[in-house]
Structure formats: structure tokens, C-alpha cells
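Everything below concerns the one structure shown next.
The values are calculated or read from the model by the stated rules, or taken from the named source; none is laboratory data. Here the structure is a predicted model, which is why all the values come from computation and not from measurement. Here the Cβ positions follow ideal geometry from the backbone for every residue, glycine too, while neighbour counts run over all protein chains shown.
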Amino acid sequence: MSERAPPVTATEEQHDDQETQEESAETAPTKDVEPATDAQPTPVTTGAESVVRALENAGVEHAFGVQGGAIMPVYDALYDSEIHHVTMAHEQGASHAADAYGIVSGEPGICLATSGPGATNLVTGLADADMDSDPVVALTGQVPTEFVGNDAFQETDTTGVTMPVTKTNTFSSEPDRVGTDVSEAFALASEGRPGPTLVDLPKDVTNAETDREPDEPRTPDTYEVQERADPEIVAAAAERVENASRPIMLLGGGVIKGDAAEVCREFAIEHEIPVVTTMPGTGAFPEDHELALEGAGMHGTGYANMAITHCDTMVAVGTRFDDRLTGGIDTFAPDAEIIHVDIDPAEISKNIHADYPLIGDAGTVVSQLTEAVDESPKATKWRAQCQQWKSDYSMAYDTPEDEPVKPQFVVEALDEATSDRAVVTTGVGQHQMWAWQYWTYTEPRTWVSSHGLGAMGYGLPAAIGARFAADDDQEVVCVDGDGSFLMTLQGLSVAVREKLDITVAVLNNEYIGMVRQWQDAFFDGRHSASDYGWMPEFDTLAEAFGAEGFRIDDYDEVADTIEAALVYDGPSVIDVHIDPQANVYPMVPSGGDNGQFALTEDQL
């Protein structure tokens, strides 16, 4: 992951000038204050204004939140700001939108909520960002400091509740410090290994008077991030790569977070090393390249899992080796020596032992490896074997005309109808896996999903956040499931109000599909609480919200309906009635051997 350089701080002369201005502000009567200009912003007068100034100084353009009592002073300060605030329909949606904004833009997404239930409703999104190392800054209102600890109305120990799911959080208790607390939280969210940060803002602090301008975003002096790996270990790892006969690269989410996709692509192509990605690493290497083996793990391709199982050298970059990737630890890459590149020392040998631990920024360390590797590994037979596995374990599927529409067909049709730079968001479940498996990703920051936490309902609010972060010429498509969509569909009101051009395809099977699939495989087909048996008409619901609604029941409706939904200039929803018995394969049972993946239920 990339360590971004801290912003340039003011010179001593600028600091002296600022102090002079502050002294003048203290002594000069209000009537003598000159009108603000572009070069001279209005001096802050309250803690809330200092909070907003900190966001402005950080270059924040969009924020997602829900208004409320304890956060009201901050919203009042936002009233005069150029920051575009997106009023969400639920705080969970605000945190997911901010998360997706951070994934697509590479800069921290901002979410706001009031105290008590507002803050606790953010927790799911913060936990998701924490698991996936996504840069998010949460600002929460809090009851006045004199009421803290008295069980006041809408009081919650927000810092205590969120401590396990944030990179850092702060209870801001001083009006003169509150803006700098926000600036620091912004810097910490993206420096080193990204993650969510939170600042809790008591109402008396944001209401209080202050003339203190916030510091520029920068991390504390005690915060250190190692950028370059140990040269001796790099040299040893390079020798291992040169001598490999069955090498692979495993690219994780850290490659994308660290803007290291290009250097990783160049390394793999130069040395003709087959490439496997994790789910968060999707898009780090173009899946239409001959070296691409695509995603690995529980529902990864058979050829990716075979390559992992039989490789003798693995260059793993920016991955934490979670259980959905590895399956059983003892059977993961059993013959391989592991070269592990990661910016977070805590991830080295946490799950998979690293024979060559390379701690540092992903792009920097891979560049070190590039310089150190003099000869490409002699792996012609290995590459041929990987191509054979691609043929043996094809992701092909049948589309019988007398059966309902297959979800894979719909995903491929959506992919065909959009550009290579289209951004795809998803909820969590079977639809997520189909969107991952059957869409061809060629660029980073185009796959936006909930990986580590697996939060259903992520897809629609993520599409809202992604739309604000994406370029105008990038389509934003949400592939959702009926169960996931039901959890956050109130976000349609936001998409309509903001006139967002997003397309939602709901793969509707009237089940919590992944649960149903597991119940069929491991619980004798007992569908406890997974069979809805009925779903609302999502196309009609979309119309009620003011969006455009479409429905697909047959194959011959797919292409034209998708085209119409994409052409519509605004939010559209396609209610796609798919085969309710369709399952996700390949599949590695939890804790299983990646090399023993199942292609049918009978093989589980």
C-alpha cells in the first residue's frame, strides 16, 4: 500500500504571518473585519467552523451523512461551505457511500452522523472499511461534555464502541484543537495502511468560540511507516524468483490501495509470471491478459486455485491471506516459498509464513524487486500448464431455453454493454460472486464490494458513493441480490434526489441465495429462514421512488432491457428474475483444500 507524502507545511514566515492575523482578529472589532475573498477565507469563529475548514483544507469535495441534534453545529457550518453534502437515507448508507468513494477516488471518503443511534448506525460501514483497509473519516456528534457519562438523550460511548473497528479515533474535547483533530484523522486514514478514522464531536465543543485555524492534514510525529524493504531480503527474494520453475504473483487489495498495479503488471509481464488476484485485488491485473488466472479462493477459478496449489514460488503483494482465500492453512501453496510484500508488519506471517518478508510500500518494494531480478525464471512448461488448466476448468455454463435466465448470462451481458472502465458495485451473496466471476476487470478501482465483513446491503449506497468519485464517462453499475437490495433500497431516494446516473441490476431468486446453497450442500436442503417465497416488484418500487424500472424474465429481453436501463439518464433498476436454483461454482468448502474445489454439489 502506498504511503502518501504529508502535505507541505507552512514556512516559519507563514506561521508568523498567521499568528499576526490571529492576534489582529482577537483585538480588532468585528466591524473592521474585511470581507472574505478567495485568497483570504473567512476566519473561523467556532469549533464547528474549524471542523469544516479542516475538511476544506484537505480538499474534500463530497461528504455523506444524516443530520441530527448533536452534529447540528457542524451542519450549520457546512451550509456556507463549497463541500457538497449528500443527505443519505440511513447512516449505514452514509458509511458505505464514503467507503466506496474512497475506493474509487483513492482519497478518504467522509461520513457524518449525530450521536447515539446515528453513530452506532455507522458501525457496519466502519467495520467494513476496517476489514478492507479503505480510507474513511467519520465525524460524529456527541452530547455536551458536561453530560457525557450521564446516560443523556442519544448518548453513546462512540469512541468505545468504534475502537475495535477503526484505525484510530478521537474524542475531541477542546475548541482550539477540534479542527486539527479532524485534519489528523484525515491524514491517518490514508497514510500507510489505509483504514477508517473517527472524530467524536461534543456539541459544546463545536458550538464554542475559537479563532484557531486547523493545521494542515498530517500524521503525528510518532507515526512512522516503512517504505522500503530490507535490501538483503530483497536480494534473496530476487534470487528465489530467478530460480523458480513454477512462479506466480498473487495480487491483493494493497496493490490497488497503494497505486502499485502498474509496477506489478510490468513485473509480471516482463518476467512472464502467471498472475492470480484476491477478491479485493480484482482489477490489479487485466483479466483479458494471457498471464491472468483471475481470482482465487473459495469461489475462485479452478485454474487460479490449481496454480496456487502447485506453484513453487509465490510473490504475494498487499494481501492478508484471509481464510476465504487460503482455505485450510496447511494445504495452501504447500510447495511454495512465499515472498510477502506488505506495508503492515502485523500481516507478515500472521496466517501464512513468509519465507521472504518484505515490509514496505507495495509499489516501492516491487520496484526494488524489479531492479534486483536480473533473469526471468525458466517457466515455459509451467505457463503451458496454467493455460491447460484454463481449458480444463473453464467457467462455461449452460443456458437451456426451457429454464429461467441464468445469472451468469446477465452479468456477461452487462459487461458487454459497458466500457472497460465501468465501476461495478455489489451487495454480498451469490450475485456478488457471479459479478466477480463473469465480469472481465481490466482496471483497478472498478470493482467495489464488501470483502472481509461481507455486509449485505452494501451495493446501492456504494454505487452512490462511487458515482460521485468516478469520472463522468464511467458507467456505475450495481449488481445486487434481492436480499441485499431490500436492506438498503431506501438509498434510491438519494439517487433520485441527486439525479445520479446509476444502473442497478437485482438478480432476483426469492432466496438468500448463498445461504440456500449452503443449506442444500451441508444441511440436507432444510431452508430455514432463507426462502422468501415472495418478493416485491422491484421495478414498480423503483418507479415509486422516481427512478426508472425495468423487468427481465426471458433471455430475449436481456440485451434490449440492459441497453434501455443504461441509456436512461438517471437511476434505473432492473428486476431480473433468474433461475432460483442457480449455484456458485467452483466452490471450496470452508477450511478446505483449494486444489480440491467442487464444480457441482455432488463433489462437495
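Worth pointing out:
- Enumeration of residues in region 173-200 that are outside any helix (DSSP H, G or I), touching a residue at least 40 places away in the same chain (Cβ under 8 Å) and of a type in the set (Ser, Thr, Tyr): Thr197
- Check on Val477, under 28 Å from the mean Cα position of the chain (by Cα) and part of a strand (DSSP E or B): yes
- Scanning region 436-474 for residues that are farther than 18 Å from Gly491 by Cβ and either outside the structural domain of Ser530 (by TED's automatic domain parsing) or more than 12 Å from the chain's Cα centre (by Cα) (or both) yields Trp436, Gln437, Tyr438, Trp439, Thr440, Tyr441, Thr442, Glu443, Asp471, Asp472, Asp473, Gln474.
- Some residue of region 272-280 being buried (at least 24 other Cβ atoms within 10 Å of the Cβ), outside any loop (DSSP other than H, G, I, E, B) and out of contact with any strand residue (DSSP E or B) (no Cβ under 6 Å at 6 or more places or on another chain): no
- Close pairs (7 angstrom Cβ cut-off, 6 or more residues apart or separate chains): over 23 Å from Ala185 (Cβ atoms) in region 138-156, surrounded by 15 or more Cβ atoms within 10 Å (Cβ to Cβ) anywhere: Phe147/Glu155; Ala152/Val143
- Residues that are among the aliphatic types (A, V, I, L, M) and surrounded by fewer than 19 Cβ atoms within 10 Å (Cβ to Cβ), drawn from region 209-248: Val225, Ile233, Ala235, Ala236
- Members of region 95-120 that are of a type outside the set (A, V, I, L, M, F, W, C) and closer than 18 Å to Leu78 by Cβ: Ser95, Tyr101, Pro108, Gly109, Thr114, Ser115, Gly118
- Scanning region 564-604 for residues that are among the β-branched types (Val, Ile, Thr) and buried (at least 19 other Cβ atoms within 10 Å of the Cβ), we see that the one that is farthest from the chain's Cα centre (by Cα) is Ile578.
- Residue that is of a type in the set (Gly, Ala, Ser), outside the structural domain of Ile103 (by TED's automatic domain parsing) and crowded, with 19+ Cβ neighbours inside 10 Å, where the choices are Ala384, Ala362, Ala372, Ala417: Ala362
- Among the residues making up region 433-488, those that are polar (S, T, N, Q) and under 25 Å from Ala564 (Cβ atoms) are Thr440, Thr446, Gln474, Ser484, Thr488.
- Applying a threshold of 6 Å to beta carbon distances and a minimum spacing of six or more residues, or different chains, the list of pairs starting in region 352-363 at a residue that is under 8 Å from Val341 (Cα atoms) and ending at one that is of a type in the set (D, E, K, R) and buried (at least 24 other Cβ atoms within 10 Å of the Cβ) is empty.
Okay, residues lined up against (1) on the phi < 0 side of the Ramachandran plot; (2) crowded, with 24+ Cβ neighbours inside 10 Å:
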site	(1), (2)
Thr145	yes, no
Asp151	no, no
Thr158	yes, yes
Pro164	yes, no
Phe171	yes, no
Asp176	yes, no
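- Among the candidates Ala559, Ala582, Ala521, residue that is under 26 Å from Asn305 (Cβ atoms), touching a helix residue (DSSP H, G or I) at 6+ places or on another chain (Cβ under 7 Å), outside any loop (DSSP other than H, G, I, E, B) and of a type in the set (Gly, Ala, Ser): Ala521
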